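Below is one structure, written out as structure tokens; the observations come after it.
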Amino acid sequence: MNIAAATNENLANISNYLVYSAMAVYVLAFLAHIAEWVFGSRSKVGKTAAALTAADAAPADSVKVAVKQAGGTAVLERPKVVTRSAAGTRDVPDGPGAAAGDEQGDLYGRFAISLTVLAFLLHFAGVFTRGWSVQRAPWGNMYEFSTTFSMVAVGAYLIFLAAKKNVRWMGLPLITTVLLDLGLAVTVLYTESDQLVPALDSYWLWIHVSLAITCGALFYLGAVATILYLFRDRFEAKVADPSGPQPGSFAKSVLSRMPAAASLDKFAYRVNAAVFPFWTFTIVAGAIWAESAWGRYWGWDPKEVWSFITWVVYACYLHARATAGWKGRKAAYLAIVAFLCFLFNYYGVNMFVDGLHSYSGV
Amino acid sequence: MSTTDQRGATTDSDLEAATSQLSTAPVDEDAAAPQGQAVAGSFGGVRRPGTAGAIAWTGREITGWVRWIWRQLTSMRVALILLFLLSLGSIPGSLIPQTSVDQIKVDRFREQHETLAPIYDKLQLFDVYSSVWFSAIYILLFISLAGCIVPRSWQFVGQLRAKPPKAPRRLDRLPAYTTWQTEKPADEVLEAAQRMMKKRRFRAYTSGGAVAAEKGYLREAGNLLFHIALFVLLIAFAVGQLWKADGGKLVMEGDGFSNTLTQYDDFRPGTFSGAEDLDPFGFTLNDFTAKFARSGPQKGSAREFRADVTWWKGADGKPQKSAIRSNHPLTVDDTKIYLMSHGYAPVVTVTDGKGETAYKGPVPFLPQDGNLTSSGAIKVTDAKDKNGKKDQLAFQGFFVPTYGGKGSGSMFSQFPEPDYPVLFLTAYHGDLGLDAGIPQNVYQLETKNMKQFKRKGGGPLAQMMLPGETMKLPNGAGSLKFEGYEQWASFQISQQKGNGWALGGAMAAIFGLAGSLFIQRRRVWVRASEDADGRTTVELAGLGRSESAKLPEELADLAVALHPAAPPVSEDQEEGARA
Ligand code: HEM
């Protein structure tokens, strides 16, 4: 492959069309999700959900999760395992979801997910052709980072869905932000497809940058869950104390359909904790690359500093989770600060701080 | 399960024992001892009268305080605060220019902010990462870390030696629980259970009618490995900073370099290493290639830089050929040679007033922009005027690889490759000031004692030349012929120790982290008890560090695995028995 190979403009144009089509389908998915929420709000289950979480908060002993599957041999059934939550956690069942049992709402919800799958495929094809058009990894400038970033976020969300994780609630917030991200990418950040400058022409680009984008996208899902946890936690606390101020009707309608605070918190923790070693590796890979490109593996360049800060704040978060007095909301704030650091590193440092990593293309 | 309470109320201490030592994390002081000595009070206790009493009291007071400080410093809460301070402390260094990163930017900042700069200086904000306060944060953090690792390691060794705790009395109070009845005798079931657990690499033993098993010790091992690896990283980083030496060298195509101090253009020795530690080697730059995009949206941006070199080790080692490119330095022992930048050197022949060749050869010019508009100075020290008197000559100006054309009105290069090379110079004569011994920038002219040649009309003499053209100085003072141009490349030569250790530490940290975060440490108990009518009730319960979705799954797996050895009585019978 010749590095100076002529840009295949045709493919680059196709890539742009694909990204625009993906956006159009995401808009449809967004509308379908809105319909899901609207229909869900007229549902009886939805209306009573708030009351349910308050009055019928299941006593600790009776939260039963039956794990029933066909066993190894046809004769045996998998035994029932009874689980109970740790002491001190609020035992509130998960909300019924956006459609809240409303059939039509549920139909729209499924429709939204199908559209998301379609949009994701277009999105993926757009990123792929973009890379193909220049015979390189499609992440050489901020337009390419942003399109790949939201693609990975949606991909991870779909994988979680396929693995039957309780993430369907995430559809609307995720699609909304994906649309924002893509809108920003095609307008402000757009850069014509072209070859890389020699400094970026290294196989570490594949490893380091793809990992950074993937970690970011997953941290993002964690952050969305954390933010929602904070809302839902406050909501549950208010409902649990009927003498205090009660949530408004809109908050009630929306939040009562969401998963329990404990579930959200657990999901966010698992995602953040699982991504953390990969984020560590991303930084190490960057250091190895810096060593071969600039002659030092660590030089306190702004991008390096902010990766380090992000890493330390996530480490803080993990420590906080291990310390009794810092669990819950305080740890959640740390997780959000950590993600904001990641975001600043990504947008802020690329655009406003100049250092060696100045290749935003803008 | 309506009759379970008959076994009596389970004490919380029973459960607590089951949970104890499931990790080596220190017990949080907030939770464990809310009434502890949180506020420093008097540690000395009663003070006896007299000097002896006062000394004893002071001693007790001091040890009390030291202990208290140590306990605080090594607590998780303080570790948390220090970590957070570390991240806060890193921020200014990314927003304010740093001496260690870019001295020129710091100087510019100083000029622009006359009131702010002295304050920043006081706070060491131009050297954040070597400042007293930043060092204090990370040194405290690492003391705290040491104070944390050591006891935890001991504790972990203890846990590896000890057996998992005995089964709590009421297994159904544990986070995951399952039960069934079988007709096999209890001791047979327990034996099978222990065998099965061991096969699944649980540490298991049977006591008091129950098997106690534990697995996932690698989690703690990973966590300790991670924290120890942080130390390795820190030390490797410090070694790297202290024993680092680097320097720069500009080499003309066809010229060479050998790694001794005198050959460097600039050299920055490390705190503990200097010229005498330089690895012996040398290289010649055979050919330099730079390619740029000729079309497309990023026309003019770089596509390839390559320096083809021949290098040898020692004084006269076997010559080897290599290419140095961006991202691909040449490594010789502990030293790496990086390609930093490149440019053009116009080749000129300067004839003095006597008609003799006073200078002949390439003069490197420094690039000023992306299209390699380059500026420089030609200093001719051995020139004489037409009377044979010493009169130094100097030329200053620009080299432009691709001139925009007569009408363009711009002396800026239009493209970085030499498509239409033009040299634009003005000329001086007089005293270059090089004999004064004051170091001078070779790319700039010190014109204090020089006089500019004037044109006939009175304006300064300035001329634009194509290769082969000559600039004649007035009054027979000499001439300069622009012969052509050559390329140069500049290299950074750095020697750094401890890189291997840093990489090893980082890798160990990642593996440790993965172990610490992906492995669950968990305990499983199996109890089998026979009742009066000869049936055996099998109970399985599991407990993890945190609630985990995997634990119930695993417990179900274990139960399924135990079924062949303890076949359940069919559901109907069981229901019947219960009713
Ligand atoms: C140099 C700074 C430090 C960093 C970057 C760091 C990072 C981490 C990380 C990422 C974890 C998560 C792994 C897990 O949850 O198992 C962790 C766990 C832990 N750290 Fe640190 N740590 C540092 C210093 C300390 C210090 C000073 C202490 C002692 C006071 C400490 C005690 C612990 C303990 C006890 C755990 C285990 C928590 C658990 O088992 O859940 N760490 N550390």
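The values are calculated or read from the model by the stated rules, or taken from the named source; none is laboratory data. This is a predicted model, so every value here is computed, not measured. For neighbour counting, all protein chains shown are included, and Cβ atoms are generated from backbone atoms with ideal geometry for every residue, glycine included. Only protein heavy atoms, including side chains, enter the accessible area calculation; ligands, DNA and RNA are left aside. Shrake-Rupley method; radii C 1.70, N 1.55, O 1.52, S 1.80 Å.
Please go through region A:165-206 and give me each residue that is more than 11 Å from chain B (Cβ to nearest Cβ) and open to solvent by 60 Å² or more (accessible area, probe 1.4 Å), ordered by number.
Restricting attention to region A:165-206, the residues satisfying the condition of being more than 11 Å from chain B (Cβ to nearest Cβ) are A:167-189, A:206.
Residues satisfying the conditions are A:R168, A:L180, A:L184, A:T187, A:V188, A:W206.
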Scan region B:307-320 residue by residue and report those that are open to solvent by 50 Å² or more (accessible area, probe 1.4 Å) and touching a residue at least 24 places away in the same chain (Cβ under 8 Å). B:W312, B:K313, B:A315
Need at least 2 residues that are closer than 23 Å to B:N327 by Cβ per element, so show me which strands (runs of 3 or more DSSP E) inside region B:235-304 make the cut, counting only ones lying wholly within it. B:245-252, B:281-292
If you check B:A541 against the conditions, is it outside the structural domain of B:Y420 (by TED's automatic domain parsing) and surrounded by 19 or more Cβ atoms within 10 Å (Cβ to Cβ)? yes
Taking the conditions exactly as written (open to solvent by 30 Å² or more (accessible area, probe 1.4 Å), within 16 Å of the ligand (Cβ to nearest atom) and under 19 Å from B:K550 (Cα atoms)), does B:L218 satisfy them or not? yes
Considering each of B:Q181, B:Q194 in turn, give the residue that is of a type in the set (S, T, N, Q), away from the ligand (no atom under 16 Å from the Cβ) and within 14 Å of another protein chain (Cβ to nearest Cβ). B:Q181
Return the residues of region A:230-268 that are part of a helix (DSSP H, G or I), free of Cβ contacts under 8 Å to residues at least 24 places away in the same chain and more than 15 Å from A:P93 (Cα to Cα); say none if nothing qualifies. A:R234, A:K238, A:S249, A:F250, A:A251
So, of the residues in region A:270-313 that are aromatic (F, W, Y) and within 18 Å of the chain's Cα centre (by Cα), which turns out to be nearest to A:V349 (Cα to Cα)? A:W311
Check whether at least one residue in region B:333-345 is out of contact with any Leu (no Cβ under 7 Å at 6 or more places or on another chain), crowded, with 17+ Cβ neighbours inside 10 Å, away from chain A (no Cβ under 14 Å) and at pLDDT 90 or above, and report yes or no. yes
Determine if region B:100-120 includes at least one residue that is surrounded by 14 or more Cβ atoms within 10 Å (Cβ to Cβ), on the phi < 0 side of the Ramachandran plot, within 12 Å of chain A (Cβ to nearest Cβ) and assigned to a helix (DSSP H, G or I). yes
Working only within region A:171-226, note down all residues that are of a type in the set (V, I, T) and more than 19 Å from A:V337 (Cβ to Cβ). A:I175, A:T176, A:V178, A:V186, A:T187, A:V188, A:T191, A:V197, A:I207, A:V209, A:I213, A:T214
Considering only residues that are facing chain B (nearest Cβ under 7 Å) and aromatic (F, W, Y), look in region A:306-315 and name the one that is farthest from the ligand (Cβ to nearest atom). A:W306
One residue is enough: does region A:296-305 have a residue meeting the conditions more than 12 Å from the ligand (Cβ to nearest atom) and closer than 29 Å to B:A25 by Cβ? no
Give the residues of region B:244-264 that are touching a residue at least 40 places away in the same chain (Cβ under 8 Å) and closer than 14 Å to B:W488 by Cβ, sorted by residue number. B:G248, B:K249, B:L250, B:V251, B:M252, B:E253, B:G254, B:F257
Picked from region B:44-81 (must be among the charged types (D, E, K, R) and part of a helix (DSSP H, G or I)), the residue nearest to the ligand (Cβ to nearest atom) is B:R77
Condition first: more than 9 Å from every other protein chain (Cβ to nearest Cβ), under 26 Å from B:D127 (Cβ atoms), touching a helix residue (DSSP H, G or I) at 6+ places or on another chain (Cβ under 8 Å) and at pLDDT 90 or above. Can you find one or more residues in region A:316-334 that meet it? no
Do we have any residue at all in region A:126-149 that's farther than 21 Å from A:L11 by Cα and part of a helix (DSSP H, G or I)? no
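To keep it simple, each residue is scored yes or no on (1) away from every other protein chain (no Cβ under 14 Å); (2) more than 14 Å from the ligand (Cβ to nearest atom).
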| site | (1), (2) |
| --- | --- |
| B:R203 | yes, yes |
| B:A213 | yes, yes |
| B:G222 | no, no |
| B:L230 | no, no |
| B:A236 | no, yes |
| B:W243 | no, yes |
